[in-house]
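Note sheet for the following structure.
The values are calculated or read from the model by the stated rules, or taken from the named source; none is laboratory data. This one's a predicted model, so the numbers in the text were calculated from it and none came from an experiment. Note that we place each Cβ from the backbone using ideal geometry, even for glycine, and neighbour counts take in every protein chain shown. The protein model used for the area step is the full one, side chains on, heavy atoms only, and it has no ligands, DNA or RNA in it. Shrake-Rupley method; radii C 1.70, N 1.55, O 1.52, S 1.80 Å.
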Amino acid sequence: MTPVLELFDATMLSRIQFGFTITFHILFPALSIGLAGFLVVLEILWLRTAEERYWRLLRFWTTVFALSFGMGVVSGIVLAYQFGTNWSGLMAKAGQIVGPLFSYETLTAFFLEASFLGVLLFGWKRVSRRMHFISTLMVALGTCISAFWIMAANSWLQTPAGHVVRDGVFYPADWWAIIFNPSFLVRYAHMLMAAYLATAFVVAGVAAGYLLKGRFVPMAKPMLALALVMIVPLAPLQIIAGDIAGLIVRDHQPAKLAAMEAQWETGVMPLRLFAIPDQSQTRNHFEIAVPKLGSLITQHSLETPVKGLLEFAAADRPNALIVFWTFRVMAGIGFLMLLIALIAMLLVARKRLYSSRWFLRLLTLASPLGFVAIIAGWYTAEIGRQPYVIYGALRTADAVSPVSAGHVALSLSLFLIVYAAVFGAGFWYLWRTINTGPVEVALPEAPNLGNRPMAGLSTMSAK
Amino acid sequence: MAFSVAFAVGMYVVLDGFDLGVGILFPFADDHAQRDQMMNSIAPFWDGNETWLVFGGAVLLSAFPAAFAVILPAVYLPIIVMLLGLMVRGVAFEFRFKHHPRTRIWDIAFTAGSMTATFAQGVVLGAFVQGIAVDKGQYAGGAWDWLTPFSVVTGLALLCGYALLGNTWLFWRSHGKLQQKAKTWMPVLLVAMLSAIGAISIWTPLMSPAIASRWFDFPRAFAFTPVPVLTLACAWGAYKGLRKTASPVPFTLCIGLFFLGYSGLAISIFPQLPPPSMTLFDAAASPESQRFLLPGIVILVPLILAHTWYNYRVFHVKGEHDEGYGH
C-alpha cells in the first residue's frame, strides 16, 4: 500500500466519519438552542402586545426552527449509535460513565423536547394560549438541558475526574465530580453563549437583508433589535468565557495549549498572529508575533513561561498546524463579533442603525460567522486533545471498534452521499423559507380554511 | 436494569413501529390527500417515538457496556443503514411540504427511508438471535456475519410486523376512504405477520439446539404453550376488532402480538446478551453506575409515559383540522 493509503486505516476513517457527522450535527442543535429561546421571547411579545407582526414573526421562525430541529434530531441519532459502531473500545472502557450521562440527556432533555414539540408546532388550535406558551418554554428548556449533559460528557473526556480505573475500565466513583469536572461549567457556558450568539447573528443577518430590500420592514426592525440585544452583552461575555476556558486548557491540557499557540519551545510566549507550524521540523514558518502577549493572555502575566510542544513526546503532540489555525479563526471571529457589537451600539446611540446600509450589508455577510466559529472551536477542542480520546488516559487509537477499514470506508461514503442530499435539501429549504419571509398566517381563531393544511400559507410565495 | 433496556427497546418497537409502518404503507395510498392524512396522523408523534431508540441505546450502553461494545460493531453495516434510513425518513416529514412544485420525491424518500430502517432493524434482530462471535470481550467475527438467510427473513418479518402495526394505527386514527383501505388490508397483513412469526418460531429452534431445548424439553414446554396460543388469540381478536369502525382494539392487540413475539425471543435466549457466549451478568456495569442511573429511570420514565399519553390525547381528534407539516 502506498503511504497515503496507509494513513487511512480504520481509526483515521472512523475519525473522519465522526468529524464529518458531528460537524453537521453541531450546527442544528446550536441553532435550535438559539431559536427556541428566540421563540419564547417572540411568543411573550405577541401574547402581551397582540400585534400581528409578532404573530407573523413567531410563525416564521417556528418554521425555521422546525426544519433545524428535525435535522438536529436525525443527525443526533446517527452520533449516538456511531459511538457504539465505530468507538466500541471507548464504550466498553468508559460506557459506565458516559452511558448514564447520555441516558440522562435522553430522559431529561430529549423526551421533554420531543413531547412538547408536537404542541409547539401543531397545537395552536388544540390547546390554550397559555399551554402553548408553556410548550415553547419547555422546548427551549429542553435544549439547554440537553447541552448540559452532552457538555458534561464531553468535558469529562477532556478533563476526566471522579473515576477509578480497574483493569483498563473506567468506573464511576463520584458522580458529582464526574459531571462537574474541571472544564465543564465554563465549557457549558461557552457553548450556550455560542449557540445564542450564532443564532442572533443569523437573525440579525436575515433582518438586515429584509431592511436592505425594504421588505417586511415593520417586522425586520424588531427582529434586528432583538438580535442586537442578544449580541451586545454576549459578545464580550463570550470572550471572557473563552479566556477562562483557555486557563483550564493551560492547566489540564498543556499540550493542547501549546499546539493552539504553536509554541514549540517552553518559555515566555508571544502572541502569534500568523504562523505555519511544521510538525515534523517542530518549528514555525513565516511567523509574525507580538512578544510576551501570549503569556499575558494565557498566564495573565507578562513573564510567566508557557510549556512548549517539545516538552511532550512526539506521539503525544496534537497537530499544531490544524489546531493553531482553527483557534485563530474562532478567536478572530469572537473579536469581530465584539467589534460589530460596538459599532451597533454607536449607531443606535446616533439613531442611525436602520439607515446605515453599509452596516446592514455587513450584518448580512456576518450571519454565518457564529457557526463558523462554533465549528472552528470544536475542531480546536477535539483535534487538540489528540492523540487522546480520554485526555491523558485513553488514546483514540485504542478506542476504535474492531471493524475493517473497508467497512468504515463504505459507511463513510454512504454518509457523505446521504448527508449531501439531506442537508443540501435542508439548507435549500431553509434558504427558501427565509427568502419567502414572515408572510401572513391565519390566527388560531380564524375559521378553518377547508382542506388545506392550515398554515400551508407560510409555504406559499410572498404576495 | 435489564428490564429497563427491555422496556426501552419494547417501547421503541411499538411506538416507532407504527410510524415506520405508516411509512411502509405509504405507496399504497390512492392519492395525495390520503398520503397527507397518513403523514399528519403520525406527525406530532414520530420524534418522541424515535427518542425511545436513543434511550434504548443509551441505557444498553450504561447497563451493559460490554454487550453494547460487542453488539454494535458486529452489526455495523445494518446499523449504519438503519441510521441513514431513519435520517431520510425523519427529514422527509418536514421537506415533503416544502418542495414546490409538488413532486413525489419526498414521498419516495419517506417510504424508502421507512422500509430501509425497518428491514435493517429486523436484520439486526436476526443477527442478534443467531449469535455473535466474541473473543476476549471484543467482537471477533467477520464483517458480513450478520448477513444470513435467517437475518434476511427476520428483516422481512419486521417489515410485515410494522406494516401491520401501522395499518391498525391508521384504522384507529384516520377517516374516510383511508380508513376503509386500512380495514381491507388488515386480514392480509395479519396473515403475513402470523406466517412470519411462525416461520421464525420454527427456524430458531432448528438453528440452535440450545433454544430448541428451551422450548421443547418437557415439562418446560408446557409453561410456554400459552405463548403461541395467545398469539393466535390476539390475531383473531384483532380481526374481530375490525367490525367496529375506528376501533383501537386492533392496534392494542397488535401491540400484544409484538409483546408476545418479544417474550418468545426472551424465552429463547435469556440471559444471554448477546448470544451465545456472553450473559447479562458478564456484561453488566458496576453497581456505582447502575445506582446512579436507576433512580433517574424510575422517576422519569413514568413522567415521560404520562406526558406521552397526554400528547396522544391532545392530538386525538383524528386529523380533522388537517394540521401537520403543512405549516
Contact surface A-B: accessible area buried, both sides summed, square angstrom, 1.4 angstrom probe: 6600
Dipole axis of chain B (+1 Lys, Arg; -1 Asp, Glu on Cβ), positive-most option in B:Trp203, B:His316, B:Gln272: B:His316
Furthest towards positive pole of dipole, A:Ala153, A:Ala189, A:Trp175, structure part the range A:59-214, Cβ charges: A:Ala189
Local net charge near B:Asp30, Cβ-Cβ under 10 Å (Lys/Arg +1, Asp/Glu -1): +2
Largest to smallest principal axis extent of the C-alpha atoms in the range B:56-195, angstrom: 58, 38, 28
q = 0.18 Å⁻¹: log10 I(q)/I(0) that the Debye formula gives for the range A:1-141, counting C-alpha atoms only: -1.02
Cα radius of gyration and Dmax for the range A:240-369 (Å): 18.0, 58
Kyte-Doolittle mean at least -0.5 and Cα axial length at least 24 Å: DSSP H helices in chain B: B:2-25, B:46-63, B:76-96, B:105-130, B:149-173, B:176-207, B:249-269, B:287-314
Between the range A:124-166 and the range A:57-79, the Cα center-to-center distance that results, in Å: 16
Globularity index of the range A:95-139, i.e. its alpha-carbon radius of gyration over 2.2 N^0.38 Å: 1.47
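Counting only helical runs of four or more DSSP H residues, what would the 222 nm mean residue ellipticity of the protein assembly as shown come to if each run contributes -39,500 (n - 2.57) and the total is spread over all its residues?
Numbers: 29 runs with 560 residues, N = 790.
Helix contribution divided over all residues of the protein assembly as shown: -24500 deg cm²/dmol.
At a Förster distance of 41 Å, what's the computed FRET efficiency of B:Leu294 paired with B:Lys177, Cβ-Cβ distance as r, to 0.05?
So, using R0 = 41 Å, E works out to roughly 0.25.
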For the range A:358-449, projected area of the alpha-carbon convex hull averaged over all directions, nm²: 12.2
Percent accessible area from carbon and sulfur atoms, the protein assembly as shown, protein chains only, probe 1.4 Å: 71
Net charge of neighbours whose Cβ lies under 13 Å from the Cβ of A:Ala381, counting Lys and Arg as +1 and Asp and Glu as -1: +2
Anisotropy class of chain B from Cα gyration tensor, a/c 1.5 cut: prolate
Folded to 0 to 90 degrees: helix A:405-436 orientation relative to chain A principal axis, Cα: 30
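What per residue convex hull volume, in Å³, do the alpha-carbon atoms of the range B:144-277 yield?
111
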Calculated FRET value between A:Ser404 and A:Glu52, using beta carbons and R₀ = 60 Å, to 0.05: 0.50
Total charge dipole magnitude, the protein assembly as shown, about the Cα centre, Cβ charges on Lys, Arg, Asp, Glu only, Debye to nearest 20: 2380
Cα-based helix-to-principal-axis angle, A:184-213 vs chain A, degrees rounded to 10: 40
Exposed-loop-free span, longest in chain B, where trypsin sites (Lys or Arg not before Pro) count as exposed if DSSP calls them loop and at most 12 other C-beta atoms lie within 10 Å: B:137-243
Unit charges on C-beta of K, R, D, E only; dipole of the range A:40-141, Debye: 320
In the range B:57-144, chymotrypsin sites (Phe, Trp or Tyr not before Pro) in a DSSP loop with at most 16 other beta-carbon atoms within 10 Å: B:Trp144
Whole-number accessible area per residue in Å² for the range A:247-289, which is evaluated in the context of all protein chains at 1.4 Å: 45
Whole-Å semi-axes of the range A:115-240's equivalent ellipsoid (Cα gyration tensor): 38, 22, 10
Length-normalised contact order of chain B in % [C-alpha pairs under 8 Å, at least 6 apart]: 25
For the range B:111-254: accessible area per residue (Å², 1.4 Å): 47
q = 0.06, 0.09 Å⁻¹, the protein assembly as shown: log10 I(q)/I(0) [Debye, one scatterer per Cα]: -0.40, -0.89
Label-point separation, A:Thr23 to B:Trp309 (7 Å along Cα→Cβ), nm: 4.7
With Cα atoms, 0 to 90° folded angle of helix A:357-366 axis to chain A main axis: 50
Kirkwood Rh in Å, taken over chain A so that all alpha-carbon pairs contribute: 23.9
Filter on A:Lys256/A:Lys292; A:Lys213/A:Lys351; A:Lys125/A:Lys351; A:Lys351/B:Lys98; A:Lys292/A:Lys351; B:Lys98/B:Lys244 - keep pairs with C-alpha separation over 31 Å: A:Lys125/A:Lys351; A:Lys351/B:Lys98; A:Lys292/A:Lys351; B:Lys98/B:Lys244
Estimated Rh, the range B:20-135: Kirkwood, alpha-carbon pairs, angstrom: 15.5
Estimated Rh, the range B:74-156: Kirkwood, alpha-carbon pairs, angstrom: 13.9
Those GluC sites (Glu not before Pro) in the range A:220-314 that DSSP places in a loop and that have at most 13 other beta carbons within 10 Å: A:Glu303
